[in-house]
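Working notes for the structure below.
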Amino acid sequence: MNRRAELVERFGTPLYVYDLDRVDAAHEDLRAVLPEPVVLHYAVKANPHPDVIRALRGGDRPCRAEVSSTGELAVALAAGVPPSHCLYTGPGKTPGELDEAIRLGVRLFSAESPGDLGRIGVAAVRRAVEVDCLLRVNGVAPGGATGLRMTGAPSQFGTDADTVPALLPDLASVPGARLVGAHFFPLSCAQDETALLAEFSNTVAAAAALRDAGLPLRVLDIGGGFAAPYATPGERPRYPGLKAGLAAALDRHLPGWRRGEPAVLAESGRYLVGDCGELLCGVVDVKHSRGRRFVVLDAGVNAFGGLSGLGRLLPVSVVLDQADGPTGPATLAGPLCTPGDVLGRQVLVPDLVPGDTVTIPNAGAYGPTASLLAFLGRPAPTEVVLRAGRVVSASRLEHRRTDLVPLDLATPTVIRDEFTPRCNMTTRS
């Protein structure tokens, strides 16, 4: 019995399997192509599993954390990330979450707009502290052509670069919020090294121009954009020329960066964890309809694919345990009562029968927490973590309904759904 079959027999399907040795390898590879002074932040949204975050905290240069909610912050802190190593981002930070983040010790925020900066300042004043803020900038001159563009057009992300100089007097005088630099994130998942380097070079030049216009620049976050195969076979890009090219751009525009003037930050999510995981799905049914074959799995968009509307996940390619035998096209459907529950169309698969297992590779990023977990109330997939081939932990996210006020049938009550990360069937070795 192979390792996948052993894990399926022990934990069932659907089953995510994460290999921490691969997390370590990706971390080392990315560090190797970034200049030495650059501080790397892990985008917790990619995979907030505590064991994954802990793995990225290892080594001589541990990852810091980029979080976008109090939930992500709580997971990062529980996994050992100091609050001083957390960068809090996002376009819709509420007064309540800002108060909680500051209470817990976060002191670096990315401000998406003048209004966002003002709310950060108000929350800081209430806590009698001053926090550092990076102004997220929506650049106007994209340097690359590949990947998912995050800025360069009208957007909820960032302050338009051409408006920043006129705003600076007000931005620099917000009580409680000390403006210390800029945050750029122009694109995601750039396959081409030339395009990625062009984006970073454009970012560095834009940051220097804003500094010359009066923006304080003690810290510069250049964002990310590092690619990784997603739900399809393949290897991560290596970016062999990135280190020298990025260093040259920084030397040209910000010559003090090597001594921390400014400190340079970078971010990564999928590159660090994308190839650490795979999703094992059980075949429930195989049927034919009007000349087409449908393979119905026990995992659908409730377990994998909640971000498919962004065009980043589907169609899925699968690697099967049954590698031999005839192949033919099939639609991979999930178990949900909606025609939208499709993981892949015209996917070449061998002859399958109920009880077989199929494997979706490179599924370590944007898995359960990026999926429609609560839809139709099906259990979340189990997540197993391996280190050196041994099971480190096994757990499952659960959601529950929580009453927010005492129940009084004589008084109308407001009850909301609360999704709480809870672990059951947990084992450690």
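The values are calculated or read from the model by the stated rules, or taken from the named source; none is laboratory data. No experiment lies behind these values; they were computed from the predicted model shown. Here the Cβ positions follow ideal geometry from the backbone for every residue, glycine too, while neighbour counts run over all protein chains shown. Remember, those area values only see protein heavy atoms, side chains included, never the ligands or the DNA or RNA. Shrake-Rupley method; radii C 1.70, N 1.55, O 1.52, S 1.80 Å.
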- Note on the structure: In Å², rounded to a whole number, the accessible area per residue of the chain with probe 1.4 Å is 43
- Query: If all Cα-Cα distances of the stretch 27-133 are sorted into 10 Å bins from 0 onward, what percent lands in each bin, rounded to whole numbers?
  - Reply: 15, 45, 29, 10, 0
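Share of antiparallel DSSP beta bridges in the chain, in percent to the nearest 5?
Values: 34 of 73 bridges.
In the chain, approximately 45 percent of DSSP beta bridges are antiparallel ones.
Select from the stretch 194-289 those GluC sites (Glu not before Pro) which occupy a DSSP coil region and have at most 11 other Cβ atoms within 10 Å, ordered by residue number. All intermediate terms of the calculation are to be shown ahead of the outcome.
Numbers: sites: E199, E235, E267, E278; in loops: E235.
Qualifying residues, ordered by number: E235.
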- Item | Most mobile listed residue (C281, C337, C63) in the chain, GNM with C-alpha springs under 10 Å | C337
- Message: If I model a spin label as a point 7 Å beyond the Cα along the Cα-Cβ vector, how far apart are those points for D251 and D21 in nm?
- Response: 3.9
- Message: Ignoring everything except DSSP H segments at least 4 long, calculate the 222 nm mean residue ellipticity for the chain; use -39,500 (n - 2.57) per segment, divide by total residues, nearest 500.
- Response: -7000 deg cm²/dmol
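With N residues in the stretch 197-255, what two-decimal value do you get for its Cα radius of gyration over 2.2 N^0.38 Å? Spell out each step's value before the answer.
Numbers: Rg = 14.4 Å, N = 59, 2.2 N^0.38 = 10.4 Å.
Cα-based Rg divided by the globular estimate yields 1.39.
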- Alpha-carbon Rg/Rh ratio, for the chain, with Rh computed the Kirkwood way: 1.00
- Task: Report ³J(HN,Hα) in whole Hz for each residue of the stretch 337-345, in order, from the Karplus equation J = 6.51 cos²θ - 1.76 cosθ + 1.60 where θ = phi - 60°; Gly and Pro get x.
- Result: 8, 8, x, x, 8, 10, 8, x, 10
- Selected from V122, V273, V405 as most flexible by GNM, with the chain as the system and alpha-carbon contacts under 10 Å: V405
- Query: So who's got an amide H within less than 5 Å of the one on G224, skipping anything under 5 residues away but keeping other chains? H placed 1.01 Å off N, in plane.
  - Reply: L187, E267
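Considering Cα pairs under 8 angstrom that are at least six residues apart, work out the relative contact order of the chain and quote it in whole percent.
Details: 946 pairs, mean separation 72.3, N = 429.
In percent, rounded to a whole number, it is 17.
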- Message: Rg/Rh for the stretch 195-296 to two decimals, with Rh computed the Kirkwood way over all alpha-carbon pairs.
- Response: 1.27
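Only sites in a loop by DSSP and with at most 16 other Cβ atoms within 10 Å count here; which trypsin sites (Lys or Arg not before Pro) in the stretch 232-309 make the cut? Numbers along the way, then the final one.
Numbers: sites: R238, K243, R252, R258, R259, R270, K287, R290, R292, R293; in loops: R238, R290.
Those satisfying the criteria are R238, R290.
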